[in-house]
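A quick write-up on the structure given underneath.
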Amino acid sequence: MQSNTLDASVYTDFQGLGQLKADAARQTESSLHQAAQQFEALFIQSMLKSMRSASPGDPLVNSDQVKLYQDMMDKQLSIEMAENGGIGIAAIIEQQLGGSQDSEQTDRSANTTFERSIAFATQLWQSSTSDAKAKPQAADSNGVTGVTQSRALWDSPESFVQSLLPAARRAAKALGTEPEAVIAVAALETGWGKHVIPGSNGLSSHNLFGIKSTDPESENRVSVTTLEFQQGALQKVQQPFRTYSSPGAAVADFANFINENPRYGEALKKADDPETFLQEIHKAGYATDPDYTGKVVAVMRQIQRMTQGSIAVADNSPQKTRI
């Protein structure tokens, strides 16, 4: 006796369409039901893929590995939905191809199931992608906060890292830490440079670290609406931020900001360990996101892999003889 349990390898993989054809050729009510249900699962999977394509996500978590696991999750979700009523497509297919179910009942059931399933799928999709979106890293009134969006200055995380690396090395030397830690703060704050605070002149403010301006008389400032964690929730607030002539100037100012602020004294004492340094600036109030340390350390490790790879490529490149 054939099991009624759907085989994920059949209806979530296009290679299984041959099996669908064989089932449909039997022209039995049970095979028609199974083929219709398998088709519905393929449709759901395609719908979820389109939903993800409509969301740009965030380069921080947009790796090939993440995409692989998201695809696996979408397949599993399509399985679960198809096995629990689906979105009504299978019932319609059965009715149109000769199933015994009453057409009016089919339409009514399909509409109800479709609305319920779409709401369920949307909720799961939004939940699964929420961490892939840029989240503001808010801080208290003395320092740094989440940023709003501006035009992207870099087209990839790699270009962001390579562009900032010289300035980050100088800043890291002044702080006594590693350049990857400095870049990690900027990368997390701006989503690898894609969400930089806009300047008052319509150009970029080059504020890569979300450092606020405390000088009301300064010309190098811009007021923007941003999001901050206040009392455990995100709130919209209007805040003044510093503006810079270049990204390198912003990196240099970050080092000055940390060095000149007594609250980061403990972080500077432990700066030789970059992970501890990042943890300590978080504890000192650099950002109020409770998950900030874990996020910024993860970004730093990713940057370390990038810079190590760049060094390896440079070391293995052929040497040219100058004439």
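Bear in mind these aren't lab numbers, they're just calculated from the coordinates by the rules spelled out. Just so it is clear, the structure is predicted and the values come from calculations on it, not from any experiment. Virtual Cβ from ideal backbone geometry, glycine too; neighbours counted across all protein chains shown.
Structural remarks
- Near Lys270: Cβ cut-off under 15 Å, other residues only, Lys/Arg at +1 and Asp/Glu at -1. The net charge is -3.
- Taking the Cα centre of the range 157-315 as reference, the dipole from Cβ charges on Lys and Arg (+1) and Asp and Glu (-1) amounts to some 120 debye.
- When Asp74, Asp215 are arranged by Cβ crowding within 10 Å, least crowded first, meaning fewest neighbours, the order is Asp215, Asp74.
- Ranked for footprinting exposure by Cβ neighbours inside 10 Å, fewest first, Met81, Met47 give Met47, Met81.
- For the residue pairs Lys173/Lys295; Lys49/Lys212; Lys236/Lys270, alpha carbon separations beyond 29 Å are given by Lys49/Lys212; Lys236/Lys270.
- Each of Trp154, Trp192 was scored by other Cβ atoms within 10 Å of its Cβ. Listed from fewest to most, they are Trp154, Trp192.
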